[in-house]
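This report concerns only the one structure given below.
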Amino acid sequence: MEVAGWVCSLAALLSLMFTVTHSHREKIDTFRVSAGHLFLLKCLIGAAHTNVTWSRGGKHNQSLPAGVEVRDGLLWFLPLQMSHNGTYNCEIRTEDKLLRMELGVSVSSGECPDPADTKPITQGVSRGVSCQQNEIIRLNKTQNIRWLKDCQPVKRQGEPISVEVDGTMRLPRASERDSGKYTCLVDVDLDGRSYTSARSIQLNIDNDPRVSAYPEVVYPQETVNMVEVGARVDLKCVAYIGVTKEDDASVYWTVDGDFTEDHEELDVSQEYNKVRGRVYILSTLSISKVPRKFLNVPIRCHVKSPVGEKDGVVWLQEADHSALYTNVAVCLAATLTLLALAAALLFFKVDLVLASREVMRHFSKSPDGKLYDAFVSYLHPDTLSSAESFALQILPEKLEKQHGYSLYIRGRDDCPGEAMHDLIAYTVQRCRRLIIILSAEAKSSTDGKTEEACPIHNDQNQLCYEQKVGLHDALTQNEPRVILVEIDGLVDYSHLPESLHFIKRKQGALKWKTTSLGTHKLNSNRHFWKNLRYHMPSVPAGTQQTVV
């Protein structure tokens, strides 16, 4: 029996040692509140939704008193009573350890509780004062936030205070008169009842700028970052700690209430920076691979100094690529549409121009002093050739009779005995286009390539002169515009003037199919006639047209 008792005692001792080794206990300062107010107590070692066990401190009954209940891991006082004064314990048990924290609640009577913290502010500096009731404000049931100084509405000389959405009171250019006890009152509607929560802070205005200032988190403040799950992310925290570097000032991070040491994928680094006499801490939380459990949970940056503590929060959300995909699809569709339009303009340019001319020809046009739409030039051989047949029969049949153009065709419209050179020069200058018909027969008797290498034959001399006059004006004055028409197959330009070479290289030539010429089918070569009309000027209104 004695051996059995000794064994049991040893087992109990070992169990106690194990519990002590794997437990951690913390204690913080007491919260100072007033009776009749709403108050929430948060276990600072865990998130609100963590499985937290609350109990009343003391040696006797540890059950929660009346009017105190647990909701979502928070301890609610609905409302505070004088009997709620005392200590409260919160416990969080994990697989390998037990975390405990003891929180004190000091309940007093009156509208304004005693200050829990003291905040020094340098005279002449504009500063924000936190309401210190983030948990209540985040309920989204807040009706009103107001501030009292020494339990009276804040009245100050000069620029008045302003209150932000999160309850922060902005105190512009603090003076000695601003010293005192400030109380933040938050009115809340909850469960059909109206409550008021109150917290106080003591402000001291100091003339010595070397005194440590109350820390502030400049960034982040309820910031949302879009991230990729599994990607690396660096979160930045900028915290103001005062005008001198404080060895006791530090920045630490929590993820959903857990310290960074609890996650192996987290790494923290920080550095001090001084800007215009103000000292800041830049802390970087590096997440090697963002796990899905870090999404939509509060990641807090805490700055702590001997005079106080402040925190900022950032949320990670998974990036939504639907907008990106939509933009890419829209851009791709727009690009394809533009390419399709460009292709349509390229392939249907001639038809579009002809259609627009059909519409625009009904509007009056100012006269340009021209007598003819085109001067038709071709080589006059001794016998009837395909060039002459095309110039005298097919071309006027199509352009004059069906489309209403006026043509001057040498050999048809000139009169014998006229001064030929003067007539040609005069007529060419009064034509809007110069149509030069070339065929395999259009060769010089020499191998020259310049205008001076013109043939001795009289008809060829006239053709050479027509080309000299028309091409000279076309190249120097850009009118009349030249239209080259090739018939009878491939034309050898090596025996033609150099100016024709230039026109050919610059704009090309229209090709008439000989088979259609032989059969005299005017409706053939539809592509040729469209392109010829495209290069011709617009037909004036009132001219009869038959579009084929």
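Miscellaneous remarks
- Scanning the range 48-56 turns up at least one residue that is out of contact with any Phe, Trp or Tyr (no Cβ under 8 Å at 6 or more places or on another chain), modelled with pLDDT under 55 and surrounded by 14 or more Cβ atoms within 10 Å (Cβ to Cβ).
- Out of ILE121, ILE92, one residue alone is part of a strand (DSSP E or B) and not assigned by TED's automatic domain parsing to the domain that holds THR30. It is ILE121.
- Where GLU91 falls short, out of the listed (1) buried (at least 17 other Cβ atoms within 10 Å of the Cβ); (2) modelled with pLDDT under 85; (3) of a type outside the set (Val, Ile, Thr): (2)
- Strands (runs of 3 or more DSSP E) fully within the range 269-381 counting 3 or more residues that are assigned by TED's automatic domain parsing to the domain that holds GLU486, closer than 30 Å to ARG526 by Cβ and not basic (Lys, Arg): 372-377
- All of (1) modelled with pLDDT under 80; (2) charged (D, E, K, R); (3) in contact with a strand residue (DSSP E or B) (Cβ under 7 Å, 6 or more places away or on another chain) hold for GLU358 with one exception: (3).
- Only one of ASP267, ASP234, ASP256, ASP262 that is in contact with a Pro (Cβ under 9 Å, 6 or more places away or on another chain), surrounded by 10 or more Cβ atoms within 10 Å (Cβ to Cβ) and farther than 30 Å from ILE121 by Cβ: ASP256
- The set of residues in the range 440-487 that are farther than 19 Å from TYR372 by Cα, modelled with pLDDT of 70 or more and of a type in the set (Asp, Glu) contains only GLU486.
So that you can scan it fast, the table gives a plain yes or no per residue for (1) part of a loop (DSSP other than H, G, I, E, B); (2) in contact with a helix residue (DSSP H, G or I) (Cβ under 9 Å, 6 or more places away or on another chain); (3) farther than 27 Å from GLU222 by Cα; (4) of a type in the set (Phe, Trp, Tyr):
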residue: TYR88; (1), (2), (3), (4): no, no, yes, yes
residue: LEU99; (1), (2), (3), (4): no, no, yes, no
residue: VAL125; (1), (2), (3), (4): yes, no, no, no
residue: GLY128; (1), (2), (3), (4): no, no, no, no
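- Under the condition of being at negative phi and assigned to a loop (DSSP other than H, G, I, E, B), the residues counted in the range 101-116 number 7.
- Test result for ARG71, modelled with pLDDT under 80 and on the phi < 0 side of the Ramachandran plot: no
- The residues in the range 402-427 that are modelled with pLDDT under 85, buried (at least 16 other Cβ atoms within 10 Å of the Cβ) and in contact with a strand residue (DSSP E or B) (Cβ under 9 Å, 6 or more places away or on another chain) can be counted, and the count is 2.
- Residue count, the range 176-193 (criterion: in contact (Cβ under 8 Å) with a residue 12 or more places away in the chain, assigned to a strand (DSSP E or B) and basic (Lys, Arg)): 1
- Among (1) at pLDDT 70 or above; (2) in contact with a strand residue (DSSP E or B) (Cβ under 8 Å, 6 or more places away or on another chain), the one test that LEU490 misses: (2)
- Within the range 137-164, being in a loop (DSSP other than H, G, I, E, B) and at pLDDT below 85 holds for ARG138, LEU139, ASN140, LYS141, GLN157, GLY158.
- ARG170 being touching a residue at least 12 places away in the same chain (Cβ under 8 Å) and part of a strand (DSSP E or B): yes
The values are calculated or read from the model by the stated rules, or taken from the named source; none is laboratory data. Treat the numbers as computed from the prediction; the structure is a model and nothing was measured. Note that we place each Cβ from the backbone using ideal geometry, even for glycine, and neighbour counts take in every protein chain shown.
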